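Report on one structure; see the data block that follows.
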Amino acid sequence: MTPVLFISAFLLAGGGPGDDHIYVCDGTDIVRTQFEDGYMHLRLGGDTMILLRAISGSGARYTDGRTVFWIKGRAATLDDGSGRVRKCRVTDRG
């Protein structure tokens, strides 16, 4: 992949440093994300987690070893490690 295509794919799949996004998961849960270089802040309810960028076959995947937030285009999945996997959709930039 050429550098230009890689950067474009990265921005489409999860944003770049400093980007804020708001996701709605399963129609009710609001997730706010802020992307930095190699990690992201994920806010769900009153909790804030720092997830590191992880290897992914497609999209952008972030994890702290338990929680996984996997972004593919405007859709994402949130696995909080409890067995509950939420389907998410980006709604706005924060």
Could you tell me the center-to-center distance, by alpha carbons, between region 33-49 and region 61-94 in angstrom?
11 Å
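Can you tell me how much longer the chain between Val24 and Met49 gets when fully stretched, taken as 0.36 nm per residue apart minus their C-alpha distance, in nm with one decimal? Intermediate values should be presented prior to the final figure.
Numbers: separation 25, 0.36 × 25 = 9.00 nm, distance 1.70 nm.
7.3 nm is the gain from fully extending Val24 to Met49.
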In nm, to one decimal, how far is the Thr77 label point from the Asp64 one, both placed 7 Å along Cα→Cβ?
2.1 nm
Sort Ile55, Ile50, Ile71 from largest to smallest accessible area, using a 1.4 Å probe on the heavy atoms of the protein chains.
Ile55, Ile50, Ile71
Please report, in cubic angstrom per residue, the volume enclosed by the convex hull of the alpha-carbon atoms of region 17-56.
73 Å³
Note, region 37-46: 3J(HN,Hα) by Karplus (6.51, -1.76, 1.60, θ = phi - 60°), whole Hz, Gly/Pro = x, goes 6, x, 8, 9, 9, 10, 10, 9, x, x
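The values are calculated or read from the model by the stated rules, or taken from the named source; none is laboratory data. Note that the coordinates shown come from a computational prediction; the quantities given were computed from them, not determined experimentally. Using ideal geometry, Cβ is built from the backbone for each residue, glycine included, and neighbour counts are taken over all protein chains shown. The accessibility values were calculated without ligands, DNA or RNA, using every heavy atom of the protein model including side chains. Shrake-Rupley method; radii C 1.70, N 1.55, O 1.52, S 1.80 Å.
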